[in-house]
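Trainee: Input: one structure, supplied below.
The values are calculated or read from the model by the stated rules, or taken from the named source; none is laboratory data. Computed from a prediction, not measured in an experiment: that's the story for all the values here. Cβ atoms come from the backbone with ideal geometry, glycine included; neighbour counts cover every protein chain shown. Just so you know, the surface numbers come from the protein's heavy atoms only, side chains and all, with ligands and any DNA or RNA stripped out. Shrake-Rupley method; radii C 1.70, N 1.55, O 1.52, S 1.80 Å.
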Amino acid sequence: MSVNSFLRYSIRLERRHVATRLVQQRALSGADAVNALRPFYFAVHPDFFGQYPREREVNENSLKRLNGYLDNLQKPGSHSVQPMKLTFYVRDTKDSSDVQPDLLTLGFRSVSFTLHTNDVLSTVMNVLKSCRLPMEHIRGLTARAEISKSPPEAGVPFYRPIKWDKSYYTFTGFRDPEQELQAARRADPTLSLWLRNNEPEATKKHTASLPRREELIRLKKELCHKFGLADIRWQRSWGVAHRCCQLQSLSRLSQQNPEALINLQGHTVVFADQSGMNASGHVMLGTMDVHHQWTKLFEQVSSYRSLQQQTDWLKERISLLLGGAQVIHVERLGPVQPITEHYSTLNTFHKSLMSRCLRLHPRSLQGLTMLLENDRTSPSLHEMGHFIIPTNCDPPKLQVFLQSHAHEARQRTERKKQLQVEEEAVVKQCLQNLSLRSLSKEPSVSSNQMIFCCRRLVDLSSPLMQGLHICISHFYSVMQDGDLCVPWDWKS
């Protein structure tokens, strides 16, 4: 047998072993799901998108949501979950006939799909198929899944995973995905070296962006003043030119139909992935929507405002039932929670509390906060001091949990406040000592990480950072407008 024939036979044997093992049960285990999704994880892993912050951010958030979806499917008694729309940037695709030309040159493409499957196997198949990734290692599972309902027969071969030697990749020319991932993680240089290599480019881009930055400030101030807006924000880290285009579009609409924007008075406008109102009461303008859709949304703002008042009433009622603890909503990266979904969650939780008699002192949990989540099965206490409560949590068990963890929650909340004060002070020191134009961080960077990073930046005192916009992140990057992304744990 030739070497090539042997390799082809080995690959077929490996796929057959994987299929044999997975078909033994309809609901894949967590380890099986990870193995089956290996081609997907290596195609979308955020570490490969260090030079593309927006795409990295999208993939990070979507991976978290996908993993949560898979976790929910594996929980005991879980029969169905809410449909979930995901977007990934997939690298190294061979089929590029329908890929955007500008993404082709970057080596990746955008893929969006909605998960509405009720078992792990179907979910894995859906993800791989949507991303047009290899499925041979699990192909045939669906057709033979019924076999798993009967006891496994004695003749089933023992599964032995094949771990390819490095010479396999050398001989075949295939890329070793594990080695590639490790190389991407080791690629970070020291901060001083990276600044010397990239500061000229950042300064050039920043200088070129100054007219657009001034136009952005002017348009934002003009629209806020003219229509009494509380603020204008953006859901994602779009560039200055992109933001200017969005404000110019809103400005044109205000000139063509000024009456349409009257209902926005007092509201915060957020340019987002979809139009509507979010759980915080902000009016979201979908960046892919046309003026007609925006105008229709403006007409519905009064109805949304009424729904927001009902959510506030529900929060007050829940607080009275739970000893003064407040339900809060934290804006996160990724898809925003609509006000309708937030109201539904609060209403379900309130009805659950009303169905049982709780014995909590009216002010016993005063000053504590909680988040409600539909996809959780048990309550927990976050490291920042707020409770995370399942919407369908059993009230008596919830009461016991809140009372037994109240002291720890207060200590963590106090620690969070101290960290916030410390973070504000060290950020201010950085801005002054390094003469930065701005210093911000990504939401995924914790206060501890930000404090650690800023203290080291002050000690470094690099003159190459003067006059620049710095964002503390998890990777190095020069943004299109000259902003610098620096990992919080940069090497010295």
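Trainee: Take the conditions at pLDDT 90 or above and within 21 Å of Gly281 (Cα to Cα) and apply them to Arg218. Does it pass?
Mentor: On the way: at pLDDT 90 or above: yes; within 21 Å of Gly281 (Cα to Cα): no.
In short, no.
Trainee: Being of a type in the set (D, E, K, R) and modelled with pLDDT under 80 is the filter; apply it to the range 331-355 and report the residue that is most open to solvent (accessible area, probe 1.4 Å).
Mentor: Quick first cut of the range 331-355, residues of a type in the set (D, E, K, R) only: 331-332, 341, 351.
So of that shortlist, the ones also modelled with pLDDT under 80 come out as 331-332.
Values: Glu331: 83, Arg332: 140 Å².
Among those that are of a type in the set (D, E, K, R) and modelled with pLDDT under 80, it is Arg332.
Trainee: Looking only at the range 253-267, which residues are open to solvent by 20 Å² or more (accessible area, probe 1.4 Å) and either touching a residue at least 24 places away in the same chain (Cβ under 8 Å) or not assigned by the TED database to the domain that holds Gln300 (or both)?
Mentor: Result: Gln256, Asn257, Ile262, Asn263, Gln265, Gly266.
Trainee: Okay, next question. Report yes if some residue within the range 429-452 is of a type in the set (Lys, Arg) and closer than 19 Å to Val240 by Cα; otherwise report no.
Mentor: Restricting attention to the range 429-452, the residues satisfying the condition of being of a type in the set (Lys, Arg) are 437, 441.
Those left that are additionally closer than 19 Å to Val240 by Cα: 437, 441.
Yes: the range 429-452 contains one or more residues that are of a type in the set (Lys, Arg) and closer than 19 Å to Val240 by Cα.
Trainee: Here is a further query. Evaluate the following for His282: is it open to solvent by 20 Å² or more (accessible area, probe 1.4 Å) and farther than 19 Å from Glu373 by Cα?
Mentor: Working: open to solvent by 20 Å² or more (accessible area, probe 1.4 Å): yes; farther than 19 Å from Glu373 by Cα: yes.
Yes; evaluated as a whole, the condition is true for this residue.
Trainee: Just to be sure I understand, how many residues within the range 368-383 are touching a helix residue (DSSP H, G or I) at 6+ places or on another chain (Cβ under 7 Å) and surrounded by 14 or more Cβ atoms within 10 Å (Cβ to Cβ)? Before the answer, list the steps.
Mentor: Applying the first criterion (touching a helix residue (DSSP H, G or I) at 6+ places or on another chain (Cβ under 7 Å)) to the range 368-383 yields 368, 372, 374-375, 379, 381, 383.
Now drop any that are not surrounded by 14 or more Cβ atoms within 10 Å (Cβ to Cβ), which leaves 368, 372, 374-375, 379, 381.
Total meeting the criteria: 6.
Trainee: Something else: Can you tell me which residue is farthest from the chain's Cα centre (by Cα) among those in the range 206-234 that are aliphatic (A, V, I, L, M) and within 17 Å of Ser438 (Cβ to Cβ)? Spell out how you get there, then give the answer.
Mentor: Initial filter on the range 206-234 (aliphatic (A, V, I, L, M)): 208, 210, 216-217, 219, 223, 229-230, 232.
Now restrict to residues that are within 17 Å of Ser438 (Cβ to Cβ): 210, 216-217.
Working: Leu210: 30, Leu216: 26, Ile217: 28 Å.
Across the range 206-234, the extreme among qualifying residues is Leu210.
Trainee: (1) at pLDDT 90 or above; (2) aliphatic (A, V, I, L, M); (3) open to solvent by less than 30 Å² (accessible area, probe 1.4 Å); (4) farther than 18 Å from Gly228 by Cα: which one isn't true of Leu320, the others all being true?
Mentor: (3)
Trainee: Mind counting the residues in the range 32-41 that are in contact with a strand residue (DSSP E or B) (Cβ under 9 Å, 6 or more places away or on another chain) and open to solvent by 40 Å² or more (accessible area, probe 1.4 Å)?
Mentor: Going through the range 32-41, the residues in contact with a strand residue (DSSP E or B) (Cβ under 9 Å, 6 or more places away or on another chain) turn out to be 40.
Going one step further and asking which of them are open to solvent by 40 Å² or more (accessible area, probe 1.4 Å), we end up with none.
Number of matching residues: 0.
Trainee: Quick check on my filter: what residues within the range 416-452 are in a helix (DSSP H, G or I), modelled with pLDDT under 95 and of a type in the set (Gly, Ala, Ser)?
Mentor: Ser447
Trainee: May I pose another question? Determine whether the range 92-101 contains at least one residue that is open to solvent by less than 40 Å² (accessible area, probe 1.4 Å) and modelled with pLDDT of 50 or more.
Mentor: Looking through the range 92-101, none of the residues is open to solvent by less than 40 Å² (accessible area, probe 1.4 Å) and modelled with pLDDT of 50 or more.
Trainee: Still on this structure, please answer the following. Identify the residue in the range 206-240 that is of a type in the set (Gly, Ala, Ser) and in a helix (DSSP H, G or I) and, among all such residues, is nearest to Asp483 (Cα to Cα). Step through it out loud before you land on a result.
Mentor: To start, the set of residues in the range 206-240 that are of a type in the set (Gly, Ala, Ser) comprises 208-209, 228, 230, 237, 239.
When the remaining residues are screened for being in a helix (DSSP H, G or I), the result is 208-209.
Values: Ala208: 12, Ser209: 10 Å.
So, considering only residues that are of a type in the set (Gly, Ala, Ser) and in a helix (DSSP H, G or I), the one nearest to Asp483 (Cα to Cα) is Ser209.
Trainee: Only one of Leu365, Leu402, Leu358 is in a loop (DSSP other than H, G, I, E, B), open to solvent by less than 30 Å² (accessible area, probe 1.4 Å) and touching a residue at least 12 places away in the same chain (Cβ under 8 Å). Can you tell me which? Lay out the reasoning, then the answer.
Mentor: Numbers: Leu402 fails: in a loop (DSSP other than H, G, I, E, B); Leu358 fails: open to solvent by less than 30 Å² (accessible area, probe 1.4 Å).
Of Leu365, Leu402, Leu358, the one residue that is in a loop (DSSP other than H, G, I, E, B), open to solvent by less than 30 Å² (accessible area, probe 1.4 Å) and touching a residue at least 12 places away in the same chain (Cβ under 8 Å) is Leu365.
Trainee: Then there's this: Can you report the number of residues in the range 308-355 which are in a helix (DSSP H, G or I), polar (S, T, N, Q) and in contact (Cβ under 8 Å) with a residue 24 or more places away in the chain?
Mentor: Of the residues in the range 308-355, 8 are in a helix (DSSP H, G or I), polar (S, T, N, Q) and in contact (Cβ under 8 Å) with a residue 24 or more places away in the chain.
Trainee: Same structure again: Restricting attention to the range 469-492, and to residues there that are of a type in the set (A, V, I, L, M) and modelled with pLDDT of 90 or more, which single residue is nearest to the chain's Cα centre (by Cα)? Give the steps one after another, and end with the answer.
Mentor: Narrowing the range 469-492 to residues of a type in the set (A, V, I, L, M): 470, 472, 478-479, 484, 486.
Imposing the further condition that a residue be modelled with pLDDT of 90 or more reduces the set to 470, 472, 484, 486.
On the way: Ile470: 21, Ile472: 17, Leu484: 21, Val486: 19 Å.
Result: Ile472.
Trainee: Identify the single condition in (1) buried (at least 17 other Cβ atoms within 10 Å of the Cβ); (2) more than 30 Å from Asn59 (Cα to Cα); (3) basic (Lys, Arg) that Lys441 does not satisfy, given that it satisfies every other one.
Mentor: (2)
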